[in-house]
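The values are calculated or read from the model by the stated rules, or taken from the named source; none is laboratory data. Computed from a prediction, not measured in an experiment: that's the story for all the values here. Glycine gets a Cβ as well: all are built from the backbone with ideal geometry, and neighbour counts include every protein chain shown. Just the protein is used for accessible areas: all its heavy atoms, side chains included, with ligands, DNA and RNA removed. Shrake-Rupley method; radii C 1.70, N 1.55, O 1.52, S 1.80 Å.
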Amino acid sequence: MQMLKVNKKVCHPPTLPKECCAYCTGNGPDTLLDLCIEYILNYIETICETEPYTGNLTLREHIALPIEICERILYRRSTREQKLNSQFVNIFKNLQATKLRRVNLHNTDIDDDSIRVLLSHNLTSLEVSDAPYLTFESLGHIAKYGENLTSLTIGENTNVFSNELYAYFINKQRREVCVSEYLILPLRLKRLSIRTSVALPPLIFIFMLKTLTQLTHLDLSNCSDLSDFTYARELINLRSLILYNVNTIELMIPIICQLKNLQHLDISQSRIENGRWEKNGTKILQTIVESLPKLTSLDISGTNLAGTGVAEYTGEAHASDIPGLSSRVKNPFQFLGLYETQKDACYRHDIPALMIAGNATEEQMLIAAMAYMDRHVILQKVLNDIFHLFRFGSCKYYGQALNVILTAMNKHLTEKHIQISGSASLFHIVKSAGKELHGILRLKRKVITALLNGMSVHRNDDTMMRNGCLVLCQFKVPLDVVFDYERLVELLLHSVYGMPQESFVQRIGIYLLNTVACQVDGQQKIKLGELGAVNKMLWLIAERLKRGICDDVLEVAWSTMWNVTDETPLNCQIFLELKGMEYFLECLQKFYDRDELLRNMMGLLGNVAEVHFLRSNLMTKEYITVFSQLLESVSDGIEVGYNAAGVISHIASDGPEAWTIDEPRREDVLARMTTAIGKWNLRSQRNINYRSFEPILYLVSIHHTPECQHWAVWALANLTSVYPEKYCHVLEEEGGITLLEDLLSRTVLPSAIRRLAEIVLQNCMMFNVRSSDVLQFDG
């Protein structure tokens, strides 16, 4: 077999799944099974009851779940932002109604008894990591209930192997008491992974490994002191041995070289000081390779075993730029780990390996990311390398990179730097992918979910929140995020309220929140109020008023409340109850010359005035005087005066008896409004968006106060004149044509109102004629 020069010939990382080679991943609807499981997890009460005092979940009577459902529910629940706890695991106490065989749990709050519950299902595989509440008592449960286990992984951030275990072990020995209840693992084990940073004495491993003669895979990553490893001599069936970040491996080499069935050996390091071999590294590497004839995979990342050669292409078929691997030139490794080897071995030309984990090329980086997915320290470095590819626009395999990044972010949710690096790369991927990504619903959801997960866990980190908001800006918000709408709103509100003032995160957060508020309606608008959107905006406004600052954030805060209160009486009520009118008056007094601010504030008050049971709160001398004065405002074109007239029209629509103040007088205010309307240009461009004409059409029918009709009909005439394509059909659909025809049929009608009503009907008629002509032409 010829040696493969990765940097010249490999154009596609062979370790990555084929479906990730383009944005075709998940190009289709979710499966019915996935949808059902997601629904069950969101509404667990559909299958479970909650015990009142303990909070434990139990299956409802007559419900039984097959093994496929049970395992998937448990796994999916453990990958959520809300950690899996013992109350949830209690579901699986019912051995008649639930079945488990393989359990894989990460980032959980379960306790030792939960391990006992799970093992009572006669598991064949158990993997648990990031479970800080587990203790060495779990080892006792494994020894007692895990007789069918063939695969066991105790990952990082658990206390299963702790100093307490060592102390207990020593005390037991001194009293000559049997320790098998804790350290004699199931005899059927073929795969054992113990990844702990606790400095356990070699005696612990001697007791654990001496009876595991069937082991084929052993991973002792981060187990710092394994002595000379002589106790592993009997593990003659080992095919895979991982000693990542293990100290003093030099002492273990003689025993390792006796394990003749090894096919994969990992002696890599993440710490530079541990990767320097004092003896001749080339000779040691040569000894390992020549002693293990079945070796097809070798990882020496972070070490100096590759020698000090330079990257020079000699053209000799039998040569290798890594001298210790010369014997493998004609029999190259399937995989070779060279990431951050000293003297940059991965940059050399003649490397006898089909796949290389390194940082010299994009292919090497992607392979490294997949190979080191469980090692967050190394993975963080690899993701930074990948980010620089995107930053300088040199990434070719967007699909593979996206797969790697999403996997890393989902697997290492609590690792802040992985989330930051991953989200930074997502920005470039989503921005560069364009329509190709946006057309794939499931993949788009995976990206957004991973992003929101990272933002939720690290919501107080400015960089993570900034990255997250920037990525969200590349999507259609809120349309693309409606499946996780509530969490999106909570995060955006936190960016406004919980992040430093004047920060970029606060600014981009409030802009996104305003976009959301503008484009949702119904229950989603109500939810905005329930989650505190109005409260947070008023807090922000109060803070700006206190410092005497009128900036874009203040203006957008009022704009957001304008959108949040649109056709949503409950949110209008919240605004009034939280003394929003006081903030209105103070902003008006301090920043009277800010056109956009005035427009946004009056637009909000227009929404409040549309709510019949709230209008009485606006009936004060101070408020009515302000509204009357603003009628003649020319700020932002006609918008401020227009909105002021709308507020007055709705207040006046309740009749003279509802005008409960003596000054200013109702007739004077209405006369002033009529004069102002007469000065407006009917062709004025507008900075407003109507979803419905219902509030305006309501005023058309207020015959006891023609001034209300005047404002309403002028609004319809303006909108159908300037934007006929947008508003003519809205008017027709909501019965506005019939209402205006009835209005014109009245014998007593002011000429100005009659003229405007006729203009509206003429606009709609002309629009229909033009539309009919287009349809005939197309036909």
Helix 441-457: angle to the longest alpha-carbon principal axis of the chain, degrees 0 to 90, nearest 10?
80
Of the residues A64, S684, L492, the Cα lying farthest along the dipole of the chain towards its positive end, which is defined by charges on the beta carbon of Lys, Arg, Asp and Glu, belongs to A64
Choose one of T153, I510, L716: the residue whose Cα lies farthest towards the positive end of the charge dipole of the chain (beta-carbon charges +1 Lys, Arg; -1 Asp, Glu; about the Cα centre).
T153
Averaging the inverse of every distinct alpha carbon separation and then flipping it gives the Kirkwood radius. What is it for region 399-456, in angstrom units?
11.3
Round to a whole number: what % of the accessible area of the chain belongs to carbon and sulfur, probe 1.4 Å?
51
Yeah, region 587-710 with a ≥ b ≥ c from its alpha-carbon gyration tensor (a/c under 1.5 is rounded, else prolate when a/b outruns b/c, oblate otherwise) is rounded
Accessible area per residue of the chain at 1.4 Å probe, in Å²?
43
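Can you list the GluC sites (Glu not before Pro) in region 458-517 that are in a DSSP coil and have 13 or fewer other beta carbons within 10 angstrom?
Those satisfying the criteria are E502.
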By how many degrees, between 0 and 90 and to the nearest 10, does the Cα long axis of helix 485-497 differ from the longest principal axis of the chain?
80
At q = 0.11 Å⁻¹, what log₁₀ I(q)/I(0) does a Debye calculation on the Cα points of the chain give, no solvent, two decimals?
-1.19
Mind ranking 522-531, 419-428 by how tightly packed they are, going by the mean number of other C-beta atoms within 10 angstrom, highest first?
419-428, 522-531
Output for region 564-603: trypsin sites (Lys or Arg not before Pro) sitting in coil per DSSP, at most 15 other Cβ within 10 Å, listed by number, reads K579
In whole Å, largest first, the alpha carbons of region 317-367 cover along the principal axes 27, 22, 14
Once you list every other residue whose beta carbon is under 13 Å from the beta carbon of C473, what net charge do they have if Lys and Arg are +1 and Asp and Glu are -1?
+3
Could you run the Karplus curve 6.51 cos²θ - 1.76 cosθ + 1.60 with θ = phi - 60° over region 395-411 and give me ³J(HN,Hα) per residue in whole Hz, x for Gly and Pro?
7, 9, 9, 4, x, 5, 4, 5, 4, 5, 5, 5, 4, 5, 5, 6, 7
Which of rounded, prolate, oblate describes region 45-95, given a ≥ b ≥ c as roots of the alpha-carbon gyration tensor eigenvalues and a/c under 1.5 marking rounded, otherwise prolate only if a/b is larger than b/c?
oblate
Taking the Cα centre as origin and putting +1 on Lys and Arg beta-carbons and -1 on Asp and Glu beta-carbons, what dipole magnitude results for region 202-268, to the nearest 20 debye?
240
Would you work out the charge dipole size for the chain about its Cα centre, treating the Cβ of every Lys and Arg as +1 and the Cβ of every Asp and Glu as -1, and quote it to the nearest 20 debye?
2740
Across region 503-591, what fraction of all alpha-carbon pairs, as a whole percent, falls in each successive 5 Å bin from zero upward?
3, 15, 28, 25, 18, 9, 2, 0
Sequence-distant or interchain residues sharing an amide H contact under 5 Å with F333, placed H: which?
A353, L354
Degrees separating the helix 376-391 axis from the principal Cα axis of the chain, which is the longest one:
50
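How big is the Rg/Rh ratio for region 638-779, C-alpha atoms only, Rh by Kirkwood, two decimals? Kindly include the intermediate steps, with their values, before the conclusion.
Values: Rg = 16.0 Å, Rh = 15.9 Å.
Rg/Rh for region 638-779 comes to 1.01.
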Rounded to whole Hz, the Karplus (6.51, -1.76, 1.60) HN-Hα couplings of region 674-680, x for glycine and proline:
4, 4, 5, 4, x, 8, 7
Considering only protein heavy atoms, with the full assembly of protein chains and a 1.4 angstrom probe, order W711, W680 by accessible area, largest first.
W680, W711
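Can you check what the net charge comes to around L41, using other residues whose Cβ is under 9 Å from the Cβ of L41 (Lys, Arg +1; Asp, Glu -1)?
+2
Can you give the % of DSSP beta bridges in the chain that are antiparallel, to the nearest 5?
On the way: 3 of 37 bridges.
That works out to approximately 10 percent antiparallel.
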For the chain, what does the helix formula give at 222 nm: sum of -39500 (n - 2.57) over DSSP H segments with n ≥ 4, over the residue count, nearest 500 deg cm²/dmol?
-15000 deg cm²/dmol
Among Y53, T282, G422, whose Cα projects farthest towards the positive end of the dipole of the chain, with charges put on the beta-carbon of Lys, Arg (+1) and Asp, Glu (-1)?
T282
Once phi for every residue in region 720-728 is put through the Karplus expression 6.51 cos²θ - 1.76 cosθ + 1.60 (θ = phi - 60°), the whole-Hz ³J(HN,Hα) values, with Gly and Pro written as x, are 6, 7, 8, 10, x, 4, 8, 10, 5
Where a ≥ b ≥ c are the square roots of the eigenvalues of the C-alpha gyration tensor, would you call region 337-422 rounded, which needs a/c under 1.5, or, failing that, prolate if a/b is larger than b/c, or oblate?
prolate
